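First the structure, in the form of structure tokens, and then the observations on it.
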Amino acid sequence: RDAAVGVFAIDVGRQATQLRLQAPPRIALSEELPLRLNLTSEGQPFEGEVELGIGRKRERLLLRQGYGELRLPAKLLGKSGDKLELLAQFAGTRLYAPVEVRQELLLVSQATVTLQALGVGPEVAQGSRLTVIGLVRDEEGPLSGELLELEALSDETSQPSEPSGKRSLGHALTGNLGRFEITVPKLLLPTGAALLSAQVFPRRGHILPGRSPELALLVLPPEPISV
């Protein structure tokens, strides 16, 4: 007989691999998205290249000693309310089996509020009329149709004997340009130092609530009435 050679392959199996992706479930547009990847086999890290997909964005990351990290500005990934899929894939080698891991990411924005008193200085008489105005916005612009609450915060430094707490003074909805106005017909706060703050409660879940910086007022005793 003539000589003959047969070539065949035997798959004796590749080592199982584990890929771990660490990322927050939600990230604000003003922040950076931190990503951490770990690639191991039988508990031991090894070097490998991982393809990372973030929505439509694709990145390649070489994990040296099984570890790598990446930081991306969140505003470059999409807009507030977008739900992105994070997909990390290791293609595998002759020794290590392929593996992939998926995770969802929600892009959110942070509401901010400004607050100022209209037509009065830092001092206001008890029982008088008080009007405050302000603006509500997030990283993408003004927010319209959002509910605000004006609160009086207790000043623990000037009134240590009184318990700390909040007192609601009124509500308002923001207009088309995110502006609002709240009028307190009769200010009935105790005399002394007072702190006012406006808080917004966005109706959309991907916009985080925000609170204005504190507005300091000095409440004076009621003005005398001529008899």
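The values are calculated or read from the model by the stated rules, or taken from the named source; none is laboratory data. Computed from a predicted model, the values in this text were never measured in an experiment. FYI the Cβ positions are ideal-geometry reconstructions off the backbone, even for glycines, and counts take in every protein chain you see. The protein model used for the area step is the full one, side chains on, heavy atoms only, and it has no ligands, DNA or RNA in it. Shrake-Rupley method; radii C 1.70, N 1.55, O 1.52, S 1.80 Å.
Once you keep just the Cα pairs under 8 angstrom separated by 6 or more residues, what percentage relative contact order results for the chain?
18 percent
Among Val136, Val120, Val108, which one shows the highest mean-square fluctuation when the chain is modelled as a Gaussian network with alpha-carbon springs under 10 Å?
Val120
Once you keep just the Cα pairs under 8 angstrom separated by 6 or more residues, what percentage relative contact order results for region 79-144?
With pairs under 8 Å counted, the relative contact order is 28 percent.
Per residue, how many Å² of accessible area does the chain show with a 1.4 Å probe?
Per-residue value: 62 Å².
Report the local net charge at Arg60: Lys and Arg +1, Asp and Glu -1, summed over other residues whose C-beta lies under 11 Å from its C-beta. Before the final figure, lay out each step's value.
Details: positive: Arg58; negative: Glu49, Glu51, Glu59.
Net charge around Arg60: -2.
Kindly provide the GluC sites (Glu not before Pro) of region 19-117 that DSSP labels as loop, not H, G, I, E or B, and whose Cβ sees at most 12 other Cβ atoms within 10 Å.
Sparse-neighbourhood loop GluC sites (Glu not before Pro): Glu42, Glu47.
Quantify how much of the Cα-Cα distance distribution of the chain extends past 29 Å, in percent. Numbers along the way, then the final one.
Values: 13933 of 25651 pairs.
Result for the distance tail: 54 percent.
Can you give me the % of accessible surface on region 36-167 that is carbon or sulfur? Probe 1.4 Å, all protein chains present, nothing else counted.
47 percent
Any idea how many Lys pairs in the chain come in under 16 angstrom at the alpha carbon, given 8 or more places apart or on separate chains?
4
Taking amide hydrogens as modeled 1.01 Å from N in the peptide plane, which residues meet the under 5 Å criterion relative to Val184, leaving out close sequence neighbours?
Amide H neighbours of Val184, under 5 Å, 5+ apart: Leu130, Thr131, Val132.
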